[in-house]
1. Given the Cα-Cα distance of residue 12 and residue 101 and 0.36 nm per residue of separation, how much length would full extension add, in nm?
2. At 0.36 nm per residue, and after removing the present C-alpha to C-alpha distance, how many nm does the segment from residue 188 to residue 216 gain when stretched out fully?
3. Pick from 188, 54, 278 the residue whose mean-square fluctuation is largest in a GNM of the chain, springs joining Cα atoms under 10 Å.
4. Set Lys and Arg Cβ to +1 and Asp and Glu Cβ to -1, take the dipole of the chain about its Cα centre, and tell me which of 195, 238, 291 lies farthest positive.
5. Separation between the residue 84 and residue 64 pseudo-spin-labels, each 7 Å from Cα along Cα→Cβ, expressed in nm?
6. What is the magnitude of the charge dipole of the range 159-226 about its Cα centre, with +1 placed on the Cβ of each Lys and Arg, -1 on the Cβ of each Asp and Glu, and no other charges, expressed in debye to the nearest 20?
7. Sort 108, 2, 24 by Cβ crowding within 10 Å, fewest neighbours at the top.
8. For 67, 234, what's the fewest-to-most ordering of other Cβ within 10 Å of each Cβ?
Amino acid sequence: MTDHARRRRNARARALLSAEVRRTLGAMGYEEVETPCLVPAPGMEPHLSPFESRFVPEAGGAARPLWLHTSPEYAMKRLLAEGFPRIFQLARVFRNGEVSRTHNPEFTMLELYRAGTGYDGIMADLERLVEASARALSRDGSARVRRGGGVLDLAAPFECLTCDEAFRRHAGVDLGECLAGGRGDGARLAALARAAGHDPGPAGEGFDDIFFRVMLDAVEPRLGVERPTYLVDWPAPMAALSRVKPGDPRFAERFELYAGGLELANGFSELTDAAEQRARLVEEQALRARLGKPVLPLDEPFLDAVGRMPESGGVAVGLDRLLMLLVEAEAIADVLLFPGEELLRSSRSSARGER
């Protein structure tokens, strides 16, 4: 197949996938919404860098900073607090600096939220959506795709492993021994990782860094090989915007979905404690400062909405990565008509011309 024919095929597949997402979620009672791309307060995650812009009033006055959102999460949770029961969005989102085989600075995120459930209900809905999408894009109506020299079956149910189970099984590390009081013991995790034959990295690194080093080396490559895998119940220090498990505060009700070597989704049972959410974001502000990154403003309307949110679950799905899986592409650039690499080449050419 020529490159032109492949681009045309994948563009048609994207349109079909978007239509199937809307059809399947609509049949489950979800309503599509739109929220702004330009926001006064972006996501706070320390590892993300948002694009900053400035709003300059035509009538005069001081310019003010705005950011292209890294996720529509804050705005959609405000809609949950207003009484929207099931919502989804196919959002264009932006993350500065991200260009790789699976990353692009501008990409499409499917974000959905459902009131009256936790992460278990969201995982059930996502399984149904992924299977329906696979069947809609397949030639024979099956849910199977080729990946990594084998066959990956996207039919529900998916495999489900807790982080603790996955680390025990694939890395020989007991995460529970390293967690107490909502905190991670980096020194203990490093010792356990070293004893199990893993390189925990430089001395003095924090729990999160050691966790992800072992995760990427020993755990993630073994997830989602023959069928997708939900990795659930993450360490409480990595709760992000999820609630801590009521029965075991060492872990949080967070999940990620892996399939065919790709991380496809990140979801939660949503945190509805406004004071706890504020404390976490303030802590992330401090971490950004320690890392030398810009300290971003708190989203006060979002924080006000958190305490009014019902029990709910939500998930963010990388639609481009799901499309990669369904059309058996190896790189995100293969499913984008204008990938970020092309933009970078254009900017380098312009810079050379100016010189």
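Coordinate-derived values only; no laboratory data. Everything quoted here is computed from the prediction, not taken from an experiment. Don't worry about glycine lacking a Cβ; one is built from the backbone with ideal geometry, like all the others, and counts go over all protein chains shown.
1. 29.9 nm
2. 8.2 nm
3. Of 188, 54, 278, the most mobile in the Gaussian network model is 54.
4. 291
5. The modelled label-to-label distance comes out at 2.2 nm.
6. Roughly 180 debye, rounded to the nearest 20.
7. 2, 24, 108
8. In order of increasing Cβ crowding within 10 Å: 67, 234.
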